[in-house]
1. Within 15 Å of ligand 2 (Cβ to nearest atom) and in a loop (DSSP other than H, G, I, E, B) - does that describe any residue in region 169-189?
2. What number of residues within region 171-200 are more than 25 Å from ILE157 (Cα to Cα) and surrounded by 15 or more Cβ atoms within 10 Å (Cβ to Cβ)?
3. Any idea which of GLY180, GLY158, GLY146 is more than 21 Å from ALA54 (Cα to Cα) and under 12 Å from the mean Cα position of the chain (by Cα)?
4. For region 83-102, enumerate the residues that are more than 18 Å from the chain's Cα centre (by Cα), more than 20 Å from LYS131 (Cβ to Cβ) and not in a helix (DSSP H, G or I).
5. Filter region 1-33 down to the residues that are at pLDDT 80 or above and assigned to a helix (DSSP H, G or I), then identify the one that is surrounded by the most Cβ atoms within 10 Å (Cβ to Cβ).
6. Looking at region 68-75, is at least one residue within 13 Å of ALA130 (Cα to Cα), assigned to a loop (DSSP other than H, G, I, E, B), in the same structural domain as ASN109 (by TED's automatic domain parsing) and more than 18 Å from the chain's Cα centre (by Cα)?
7. Could you give every pair whose Cβ atoms fall below 6 Å, whose first residue belongs to region 36-47 and is on the phi < 0 side of the Ramachandran plot, and whose second residue is more than 11 Å from ligand 2 (Cβ to nearest atom) and β-branched (Val, Ile, Thr), counting only separations of at least 6 or pairs across chains?
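The values are calculated or read from the model by the stated rules, or taken from the named source; none is laboratory data. What you are looking at is a predicted structure, and each value in this text was computed from that prediction instead of being measured. Heads up, the Cβs are rebuilt from the backbone with ideal geometry, glycines too, and the neighbour counts pull from every protein chain shown.
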Amino acid sequence: MDAFGVKMAGAAQQNRAWKGLGATAKRLFMGARSSHDWEHTQRVCRLCRRMGPAEGADMDVLLAAGYLHDIGRCFEDAANGDVCHAEKGAQMAGEIIAPHGFSKDQKENILHCIRAHRFRGKAAPKTIEAKVLFDADKLDAIGAVGIARAYLFAGEIGARLHNPFVKIEAMPPYSVNDTGFREYKVKLIKIRDRMHTDTGRRLAEDRHRFMEGFFQRFLEEHAGKR
Ligand SMILES: [Fe+2]
Ligand SMILES: [Fe+2]
């Protein structure tokens, strides 16, 4: 286990060019909102540790990108979504990884992983490391953890528990009319079909099924049927 709660093994234990990046990244999450905080990064890195070896990923690249993938998040939050945290994070990461002994290809790959990890982003993940990071990051948005995060986020922006009287498509994100259910219907429900790796698809299927059951029950309880 490293200092940041991520289990270590194999190649990543030997090379560790990413060593120290966890501490640097952690500092950049001071005051972050709970739905996208340092703990999210730790969960994503734990999934990367689990998925990376099965997918043949360069664990040095994957863990470096995992630790740094959301360091631009506070800029997106401050701009209420007008800044792309993936682009911003990649800009910031270039300088951070410079002294860490990565090869030129590894550095380019790390920045690509960060740039391409965003669900709504323009860049698609091309390398296996970027695909694993994308999948790990999205897996943290679904299942039991994903539901909990959706409601944390709704709470952070002062949104309500549920709003059955407006059209979901008409409800803007980052507004008081946003809800955890809206996030599920417009985003989370699609994540299972956006996975890039076999491991990601398998884990997403299980988390998706749990989420479907939860929201079915949620609507029934909200309507007073159970
Ligand atoms: Fe992100
Ligand atoms: Fe993330």
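1. Checking region 169-189: not a single residue is within 15 Å of ligand 2 (Cβ to nearest atom) and in a loop (DSSP other than H, G, I, E, B).
2. First pass over region 171-200, keeping only residues more than 25 Å from ILE157 (Cα to Cα): 192-200.
Keeping just the survivors that are surrounded by 15 or more Cβ atoms within 10 Å (Cβ to Cβ) gives 192, 195-197, 199-200.
Number of matching residues: 6.
3. Working: GLY180 fails: under 12 Å from the mean Cα position of the chain (by Cα); GLY158 fails: under 12 Å from the mean Cα position of the chain (by Cα).
Just a single option satisfies the conditions, and that option is GLY146.
4. The answer is GLY101, and nothing else.
5. Top of the filtered list is ALA25.
6. Applying the first criterion (within 13 Å of ALA130 (Cα to Cα)) to region 68-75 yields 68-69.
Filter once more, so that each one left must be assigned to a loop (DSSP other than H, G, I, E, B): 69.
After this cut, where a residue has to be in the same structural domain as ASN109 (by TED's automatic domain parsing) as well, the list is 69.
Narrowing further to those that are more than 18 Å from the chain's Cα centre (by Cα): none.
Scanning region 68-75 turns up no residue that is within 13 Å of ALA130 (Cα to Cα), assigned to a loop (DSSP other than H, G, I, E, B), in the same structural domain as ASN109 (by TED's automatic domain parsing) and more than 18 Å from the chain's Cα centre (by Cα).
7. CYS45/VAL6; ARG46/VAL6
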